[in-house]
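So the structure is just underneath, and the comments pick up after that.
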Amino acid sequence: MQTFLNYNKLIMKKIFLIIVTTVAITAFSQTLTLENIFKEGVLRGEGVAGFQPMPASDFYTVTTKNTIDKHNFATGEYVTTLLSNDILTSLSDDSLTISKINSYSFSKNENKMLLATEVEYIYRRTSKGFYYLFDIKENKIIPVSDKAKGKISFATFSDNGDKIAFVRNLNLFYLELKTGKEVQVTFDGKENHILNGLPDWVYEEELDIAKTFFWSPNGKYLAYMRFDESNVKEFSMTMWGELYPEAYKYKYPKAGEENSLVEIYVYNTENNKSVKVDIKTNEEVYYPRLYWLSNSTDLMVLQLNRLQNKLEFVKYNVLNHNYSIVFTDTNPYWLNVTHNYYFLTNNNSMILTSERNGFNHIYLVDFNGNIKQLTSGNWEIASIEYVNQKTKQIYYLSNENDRLGRNLFVIDFLGKKKTRISKGEGWNAVSFSATGNYYRNTFSTQTQPQYYTINDNKGNELRILQNNAKLKEKMQEYNCVNKEFFQFTTIEGVTIDGWMMKPADFNPAKKYPVLVYTYGGPGSVEVNRNFNVEVWYQYLAQHGYIVACADGRGSGCRGDAFKKVIYKQMGKYESDDQIAFAKYLKTLPYVNPDRIGIWGWSFGGYLSALSLFKGEDAFAMAIAVAPVTNWRYYDNIYTERFQRTPQENPEGYDENSPVFWADKLQGKFLLIHGTADDNVHFQNSIDLVTALNSAGKQYEMFFYPNKNHNISGGNTRLHLYTLMSEFIFKNL
């Protein structure tokens, strides 16, 4: 009997401790506010500032407030300070400091640095600024170009380090370092007409290219692209704020419209002459990539047809001007141009990735037409990270082990001796040293913030650079919740991956409102193990909301059959699957079936609007930020890749446009757009509003004057998320 009483006392004591602990946690947990999220960055993680592998050795650099320091990959130990505020003060009259340096790069011999300052972005990838050359050995610093002539773009060392090429006022130049002479390569650059060494808007945005000039390995030749956009139609945006607002005009080719005329030239620095690369083709093409082979006489030109289902690798000889197509990749739907192209020093073969068998895998291709597949399976290569030609090994990231994860593997040129390098289940991102002996790894899971380490190429951890322990502590302090992964199957038999974030005090007996987040663009993946604190969703969870996300058909990492089913009918299956997701959520006992909303940005804004309009009460409300509402209004490279042209496929454009579904709106709808959005034009929202008005539908709209697709700057983000939060609290 005494033993039983003692046991009861022990149980009661434990219950008391649990209650006290719970009360203590609740009492000392801090509550998130939009102000401390967007003004203070209270749950912002830390990285490794300025991390950059040096171009020829097993060293890397990082930045501090006052220095750029060199470290040893093998140990992670500090080696020396390459540049400091003291050095800058003593050598420059321009009040330069490390904190004012936006980016830096090294010459191949690691003796010189290029420093970019006062950088301003033109669009997403192109920028201009003032550049300085710092000679580490000589301890000297000089401007690359006379500042009085204006800012320059993409200053780049030749491989031998004796020249620096750059673009100024849409013309291409280079600086001879021995003589200090500036040489002008092109003379016809003109805004909205001719661009030399820089891409037009649509190449930059959709082909992931910014700098379009390239030094040959021996520094003798400079290949560059010339864009004649004279016949491309202009788009005009009003910039507000002055007595008479100004119109900003730029060239933007919409679906089915005319493109820039693009030509490739090779400039010879010895005779100061440019020669046009004359490659005959019977169809309209894009040139998404240029590469020099190691012999400095062969230029590899990637040629993509306008339908974007055929990619040709054209080898062009700059001495005799002969050319040949050495490899052609095709796909019945579309091809994704990547940066996974590695040309071997034998000048007769290359390593690349292709989706030619339905999943993205690695191939070894020689220029005689022989193709060897090195990886295979119902999983996908995310990227090739390093090719070691001495050991004949390829290091790559893939989701072979876990569809939601990303791990590092190595395989040889024969497709043998495959070995997993990364350890632990989660998400890895890597950056190799120049020799391939070491790499910086960034590991995370849904519960572990980004964990930065130095590893050898066997995967052994040598040094921790940043573990984000402070962020983990802050997350505990604010009682943050983690994502829970799940799968569900639609009535069509499609298995879909999802994640969910529940309130910290979740009670399965209660009925919760749910906000669905969607992006859904072709090949995108939102459900994965890469850590994201999702700070706004933490805020909503603290206010009693569940936040959930599902990757429907059209998303990536699951092969062509899942991704490319959307071909020529973009939006149909994506919205069907979001509606199916809402119906699945309604079956969960802890979800209030009348309080399910959806929101998204850009493609996600498009999908949110379309899902609400088509959903027949699947969703109670939607927020669409910067949405495409009619694919006829979007750029041609992106849209035609998935839809072909409006002339070829009018039904595919119209049947899945929110504008044509506006009369079906049920529920609450908030539409948000920046008036200076150069990517998804404000025109999209104006036309949707017109259609909603014509249909007699009620909605809310908010616009941000002079803000681009990112809708940021100053107090804007706080205002935006306050607006959306209040709409959710009121309507969901």
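The values are calculated or read from the model by the stated rules, or taken from the named source; none is laboratory data. Being a predicted model, the structure only gives us computed values, none of them experimental. No Cβ is skipped: glycine too gets one built from the backbone with ideal geometry, and neighbour counts run over all protein chains shown. Please note that ligands, DNA and RNA were not included when accessible areas were found on the heavy atoms of the full protein model with its side chains. Shrake-Rupley method; radii C 1.70, N 1.55, O 1.52, S 1.80 Å.
List of remarks:
- Segment 636-676 - charge dipole about Cα centre, Lys and Arg +1 at Cβ, Asp and Glu -1, debye rounded to 20: 240
- Lys/Arg +1, Asp/Glu -1 at C-beta; the chain dipole; positive extreme among Val547, Gln683, Val119: Val547
- Placing R0 at 25 angstrom, the Cβ-Cβ distance between Lys137 and Glu191 gives a FRET efficiency of 0.05 after rounding to 0.05.
- Inter-part distance where segment 89-137 and segment 348-387 are each reduced to a Cα centre, Å: 37
- Take Glu648: with every protein chain present and a 1.4 Å probe, its accessible area is about 100 Å².
- Inter-label distance for Arg124 and Asp146, nm, one decimal - labels placed 7 Å from Cα along Cα-to-Cβ: 3.7
- Cα gyration tensor category, rounded, prolate or oblate, for segment 215-283 with a/c compared to 1.5: oblate
- The distance linking segment 140-189 with segment 228-269 is 25 Å (Cα centroid to Cα centroid, whole angstrom).
- Cα-centre dipole for segment 372-519 with unit charges at Cβ (Lys and Arg positive, Asp and Glu negative), debye to 20: 420
- Answer label for Cα extents along the principal axes in Å (calculated), chosen among (1) 133, 71, 52; (2) 94, 79, 69; (3) 98, 69, 61: (3)
- Stretching Asp93 away from Ala49 to a fully extended chain increases their span by 13.3 nm, per 0.36 nm per residue minus the current alpha-carbon distance.
- Among the trypsin sites (Lys or Arg not before Pro) within segment 375-461, those in coil by DSSP and having at most 15 neighbouring Cβ atoms inside 10 Å are Lys390, Lys392, Lys416, Lys417, Lys418, Lys423, Lys458.
- All Cα pairs of segment 455-556, percent lying beyond 21 Å: 49
- Toward the positive end of the charge dipole of segment 337-455, with +1 on the Cβ of Lys and Arg and -1 on the Cβ of Asp and Glu, the farthest Cα among Tyr395, Ile384, His361 is that of Tyr395.
- Summarised in one figure, the compactness ratio Rg/Rh of segment 252-308, Cα atoms and Kirkwood Rh, is 1.04.
- Listed residue pairs exceeding 26 Å between alpha carbons, taken from Lys249/Lys614; Lys251/Lys664; Lys65/Lys112: Lys249/Lys614; Lys251/Lys664
- Taking θ as phi - 60° and the Karplus parameters 6.51, -1.76 and 1.60, the scalar couplings of segment 673-682 work out to 7, x, 6, 10, 6, 7, 8, 9, 5, 3 Hz in sequence order, x denoting glycine and proline.
- For Gly50, the residues whose amide H sits under 5 Å from its own are Thr63, ignoring neighbours fewer than 5 places away on the same chain, with H placed 1.01 Å from N.
- Proximal charge balance of Asn532 [Cβ under 13 Å; K/R count +1, D/E count -1]: +1
- The chain - percent relative contact order, Cα under 8 Å, separation 6 or more: 9
- Violating pairs (Cα-Cα greater than 28 angstrom) within the set Lys211/Lys564; Lys100/Lys211; Lys147/Lys178; Lys149/Lys220: Lys211/Lys564
- For segment 77-232: rounded, prolate or oblate by the Cα gyration tensor [a/c cutoff 1.5]: prolate
- Among the helices of the chain, those built from whole DSSP H runs whose Cα atoms reach 18 Å or more along their own axis and whose mean Kyte-Doolittle hydropathy is at least -0.5 are 2-28, 716-731.
- When the Cα gyration tensor is reduced to axis lengths a ≥ b ≥ c, the ratio a/c is 1.5 or higher for segment 57-101, and with a/b above b/c it is classed as prolate.
- Once C-alpha pairs closer than 8 Å and six or more residues apart are averaged by separation and normalised to the residue number of segment 115-184, the relative contact order reads 18 percent.
- Selection from Ala561, Ser602, Val591 lying farthest towards where the dipole of segment 499-612 points positive, charges on Cβ: Ala561
- For segment 456-507, lysine pairs with C-alpha atoms less than 25 angstrom apart, excluding pairs fewer than eight positions apart on the same chain, total 7.
- When Trp215, Trp240 are compared by accessible area at a 1.4 angstrom probe, the order from most to least is Trp240, Trp215.
- For segment 238-248, 3J(HN,Hα) computed residue by residue from phi via the Karplus equation (6.51, -1.76, 1.60; θ = phi - 60°) reads 7, 9, 8, x, 9, 4, 10, x, 9, 9, 9 Hz, glycine and proline entered as x.
- Computed from point charges on the beta carbon alone (+1 for Lys and Arg, -1 for Asp and Glu), the dipole magnitude for the chain about its Cα centre is near 1780 Debye.
- Here is the list for segment 143-235: trypsin sites (Lys or Arg not before Pro) lying in DSSP coil, each with at most 13 other C-beta atoms within 10 angstrom of its C-beta, are Lys178, Lys181, Lys233.
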